[in-house]
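Scroll down for the structure; my scribbles are underneath it.
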Amino acid sequence: MGTPDSPNVCAVQKLIGTNKKYFTNCKQWYQRKICGKSTVISYECCPGYEKVPGEKGCPAALPLSNLYETLGVVGSTTTQLYTDRTEKLRPEMEGPGSFTIFAPSNEAWASLPAEVLDSLVSNVNIELLNALRYHMVNRRVLTDELKHGMALTSMYQNSDIQIHHYPNGIVTVNCARLLKADHHATNGVVHLIDKVISTVTNNIQQIIEIEDTFETLRAAVAASGLNTLLEGDGQYTLLAPTNEAFEKIPAETLNRILGDPEALRDLLNNHILKSAMCAEAIVAGLSLETLEGTTLEVGCSGDMLTINGKPIISNKDVLATNGVIHFIDELLIPDSAKTLFELAAESDVSTAIDLFRQAGLSSHLSGNERLTLLAPMNSVFKDGTPPINARTKNLLLNHMIKDQLASKYLYHGQTLDTLGGKKLRVFVYRNSLCIENSCIAAHDKRGRYGTLFTMDRMLTPPMGTVMDVLKGDNRFRSMYLTQQPADYRGRFMATALCLIPLTVMQTVGQRAEHTLGNAKELANILKYHIGDEILVSGGIGALVRLKSLQGDKLEVSSKNNVVNVNKEPVAEVDIMATNGVVHAISSVLQPPANRPQERGDELADSALEIFKQASAFSRATQSSVKLAPVYQRLLERMKH
């Protein structure tokens, strides 16, 4: 036969196990699969050429003949046969003029229902003649003129023939696929198609009105006011839910949506694609946008069309004057028509939702209250869930924001009010977006009234300042009360307020005795443990260089859920405060040697005070280092 570079040779993909062929070019290989089924590539003579013994490819041009004879050349002998049965059509096809005929293949005629074929052949000079004339156009039209969405005027009562030319190269005529195109004749051109096409007289709305299986859809469309759109101009695809599809939805959900005009309109718009999509044009997965603005994955598996991977289309390619209808047996409810409970049912947050339900907070998740739910993902609770009590309920209330938010509008430093009465801060980092210590782990799900944020951990609202955190922690409390003079408490609080925002690396002092003789050196070390911005663990990527108050930078990294500072592991992360965050580490961080001090004595006092609180950690963990005498002597020296 030849190779792709032989003259006048066209590539054909044959679907294994069927008679289907797809003439293709370099842009349309379809990954050698059609609807998931493998194809084999062969090469045939392009239209109008034939082989010559001993020569490569198809070098010989066929002599042109009239339309009637060309029908036989392209493999539409049944169309020839039916043309012969009419009294008028064969003379036209053999006579002068310029015509285009979209000729059904022999297989297309054979696949017609028997009753349809009988009605045609029983009245050849009216029904059959009209059917054949509907396949004809009174001028020559080649494929490069067949544009997506255009209509050609047929030779039957000037009825329109709808043309769609898809990006994958497939051309359909009233949703029949063009098999072989551009076979020239002396009086026109022949295109072979895979179906017998019929006239289209009803718009989408009219088809909904007359189909018994659309009773519920008909009522929904009327209630939503979308009937004007569906009977107007345009080219749409309606994925039309049958009565059975509506019956599969819980009655409570269905009644809620049908009684809410905005949710109902969103629901129906989610079933309307922005352009006409015939089944034959789908040879692989496509992402198609609905009028609702959502994206549906439309694909195919063998002979079945799929929506979002499900074979729910029961009847396809019902053509209307303003588009095409596919019947579906499952409702496609968009997020915008769902409650928070319904959004959560499709997300990885079922454990958190159970907690909200057990805490008696279900009404917030199913009503018409505008809020945003911060729901920790299921993996957060792998070691168990907290007991349901007043404290847990209050914590859960602080996972509900008093507004319906979208993460794309959140900004660094923004504060959010919760139902529990707390103010939460937003932190924006290069690769994460966090609310306090908890970061958003998945795309938003925006429902009818509420938005769902899937979070990577339980949120810890701040309970006070850094000093309040240290005083309230038993690991630090006794040292704070027994070793700190009152005037230092006051001076530290003032200094802390000046340092907002803070990141405090709270440490156990292991080398305080060594630096006691040099208070400035000690203060320098302490300031090296304080960062100049708030950095929660979720904002730490592979490596973050955080500037300290001492001036040098701390190297903070995270790997396998372990945070390290200067390669030292952090024992506890994200102790949240209103003016910062505390991370506990188990060893003193040493700044680069001989770094000049850049802050005054008051900051030194502040750093000293933070370091002083850390000594309690030593006590709590039975450290062998005895720090109290060291701090007592140091404080005495600093007072002078």
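The values are calculated or read from the model by the stated rules, or taken from the named source; none is laboratory data. Just so you know, these numbers come straight off a predicted model, no measurement behind them. Because the Cβ atoms are built from the backbone with ideal geometry, glycine has one as well, and the counts that use them run over all protein chains shown. Side chains included, ligands, DNA and RNA excluded: accessible areas come from the protein's heavy atoms. Shrake-Rupley method; radii C 1.70, N 1.55, O 1.52, S 1.80 Å.
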Taking 348-357, 107-116 and ranking on average Cβ neighbours within 10 Å, highest first, one gets 348-357, 107-116
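Return the carbon/sulfur percentage of the accessible area of the stretch 204-332, one whole number, probe 1.4 Å, all protein chains in place.
Working: 2520 of 5370 Å².
Carbon and sulfur: 47 percent of the exposed surface of the stretch 204-332.
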State whether the stretch 366-436 is rounded, prolate or oblate according to the following rule on the C-alpha gyration tensor (a ≥ b ≥ c being the square roots of its eigenvalues): a/c under 1.5 gives rounded; otherwise a/b larger than b/c gives prolate, and the remaining case gives oblate.
-> oblate
Rounded to 0.05, the calculated FRET efficiency for the beta carbons of residue 274 and residue 542 at R₀ = 41 Å is 0.50
Which lysines have a Cα lying under 30 Å from the Cα of residue 393, excluding residues fewer than 8 positions away in the same chain?
-> 338, 382, 402, 408, 422, 423, 445, 471
Reachable aspartates and glutamates, given that their alpha-carbon falls under 20 Å from the alpha-carbon of residue 553 and they are not under 8 places away in the same chain = 521, 532, 533, 568, 574, 598
Whole Å is fine, so just give me how far the alpha carbon centre of the stretch 155-190 lies from that of the stretch 331-408.
-> 54
Solvent-accessible heavy-atom area per residue, rounded to whole Å², over the stretch 212-328 at 1.4 Å | 42
Taking 0.36 nm per residue of separation between residue 590 and residue 417 and subtracting their Cα-Cα distance, the length gained on full extension comes to 58.3 nm
Sorted by packing (mean other beta-carbon atoms within 10 Å per residue), highest first, where do 579-588, 447-456 land?
-> 447-456, 579-588
Plugging the Cβ-Cβ distance of residue 468 and residue 310 into 1/(1 + (r/R0)^6) at R0 = 51 Å yields, to the nearest 0.05, a FRET efficiency of 0.40
What's the Cα-based Rg to Rh of the stretch 204-332, Rh via Kirkwood?
-> 0.93
Obtain the nm distance between the two label points defined at residue 519 and residue 212 by a simple spin-label model: each point lies 7 Å from its Cα along the Cα-to-C-beta direction.
-> 9.7
So, in Å, what gap is there between the alpha-carbon centers of the stretch 100-114 and the stretch 417-435?
-> 64
Rel. contact order, % - alpha carbon contacts under 8 angstrom, at least six apart, the stretch 204-332 | 29
Place a point 7 Å from the Cα of residue 354 in the direction of its beta carbon; the residues of the stretch 389-423 whose amide N falls under 18 Å from it are 389, 392-393, 396
Carbon-plus-sulfur fraction of the accessible area of the stretch 338-455, 1.4 Å probe, in percent?
-> 48
Taking Cα pairs closer than 8 Å and at least 6 residues apart, the relative contact order of the stretch 64-199 in percent is 31
